[in-house]
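Visitor: Below is a structure I'd like to ask you about.
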Amino acid sequence: MVDSPTTTVRQRPEQARSKLRVEQVLDAARELIAERGIDPTTITAIADRAGMAVTALYRYFPNKVAIIRELAVQTFEHDGRAVVAPILSTDAPVEDLVRQGVVGYWQLNQQEPFRRNLRIAVQADAELAALDAEDNRLNAELLGRHVAGLTGCDLRAMQEVMMLTLSLLDGLIQVTTHMPEAEVPGVLDTFVQMVTGEVLRHAPTS
């Protein structure tokens, strides 16, 4: 990933105290974005929530865009560790793998409500949208290779299925956010069955 000079952390902290301060800023931004959304969350509000002066915050981030970008990149990386990596480490049946990934991603969004508003910001920013697309592409390649190895399906077809699945996941999160809680499990299961069916459609016949 290439850092834009206007949207990156001013200095990567090396000392423990500086790292703590950066995390305080990011934690404050997460809380405020979850509560208010992206636009109403200001640099001043983030600094206040983090318990520091605005001038101190500027030592690490040149503007709010840089904070949003850092949150987005950290979120992409966390998704890889929390959702993708566990799938790659198991040889469970395809439906179980799909369910693990779908439910795991849904749970992350439930546990971290700032993600929904962050997603809006990512899609509205060309640089962040490009980073998101590249992250999806890399994860689709990894997942597609793993599923193809388990099923004997064509590699390219599996990578395409995984790319489409990853692209649709955020829409699934959006849909379930606005429906009665009791209906969510059924919608998640329908999505899992759709993806599983598409994978198995490409499975070689004996």
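The values are calculated or read from the model by the stated rules, or taken from the named source; none is laboratory data. Note that the coordinates shown come from a computational prediction; the quantities given were computed from them, not determined experimentally. For neighbour counting, all protein chains shown are included, and Cβ atoms are generated from backbone atoms with ideal geometry for every residue, glycine included. All accessible areas refer to the heavy atoms of the entire protein, side chains included, with ligands and DNA or RNA removed. Shrake-Rupley method; radii C 1.70, N 1.55, O 1.52, S 1.80 Å.
Visitor: Which residue is farthest from the chain's Cα centre (by Cα), if the candidates are limited to the range 171-206 and must be of a type in the set (Ser, Thr, Tyr) and open to solvent by 60 Å² or more (accessible area, probe 1.4 Å)? First the steps, then the outcome.
Guide: If we filter the range 171-206 for residues that are of a type in the set (Ser, Thr, Tyr), which is where we start, we get 176-177, 190, 196, 205-206.
So of that shortlist, the ones also open to solvent by 60 Å² or more (accessible area, probe 1.4 Å) come out as 190, 205-206.
Numbers: THR190: 21, THR205: 35, SER206: 38 Å.
Result: SER206.
Visitor: Name the one entry in ARG99, ARG115 that is part of a helix (DSSP H, G or I), under 19 Å from LEU164 (Cα atoms) and of a type in the set (Lys, Arg). Full working, then the answer.
Guide: Details: ARG115 fails: under 19 Å from LEU164 (Cα atoms).
Every option except ARG99 fails the conditions.
Visitor: In the list ASP91, ASP154, which residue meets the criterion of being touching a His at 6+ places or on another chain (Cβ under 8 Å), open to solvent by 50 Å² or more (accessible area, probe 1.4 Å) and touching a residue at least 40 places away in the same chain (Cβ under 8 Å)? Reasoning before the result, please.
Guide: Details: ASP91 fails: touching a His at 6+ places or on another chain (Cβ under 8 Å).
Exactly one residue qualifies, and that residue is ASP154.
Visitor: So is ALA16 over 22 Å from ARG116 (Cβ atoms) and either modelled with pLDDT of 95 or more or not basic (Lys, Arg) (or both) or not? Reasoning before the result, please.
Guide: Numbers: over 22 Å from ARG116 (Cβ atoms): yes; either modelled with pLDDT of 95 or more or not basic (Lys, Arg) (or both): yes.
When the stated conditions are applied, ALA16 passes them.
Visitor: Just checking, does the range 46-66 include any residue being part of a helix (DSSP H, G or I) and of a type in the set (Asp, Glu)?
Guide: If we filter the range 46-66 for residues that are part of a helix (DSSP H, G or I), which is where we start, we get 46-50, 54-57, 64-66.
When the remaining residues are screened for being of a type in the set (Asp, Glu), the result is 48.
So far as the range 46-66 goes, yes, one or more of its residues are part of a helix (DSSP H, G or I) and of a type in the set (Asp, Glu).
Visitor: A further question on this structure: Tally time: how many residues in the range 131-151 are more than 15 Å from ASP79 (Cβ to Cβ) and surrounded by 18 or more Cβ atoms within 10 Å (Cβ to Cβ)?
Guide: The number of residues fulfilling the criteria is 4.
Visitor: Ok, one more. Does LEU71 satisfy being among the hydrophobic types (A, V, I, L, M, F, W, C) and either open to solvent by 50 Å² or more (accessible area, probe 1.4 Å) or not in a helix (DSSP H, G or I) (or both)?
Guide: Working: among the hydrophobic types (A, V, I, L, M, F, W, C): yes; either open to solvent by 50 Å² or more (accessible area, probe 1.4 Å) or not in a helix (DSSP H, G or I) (or both): no.
No.
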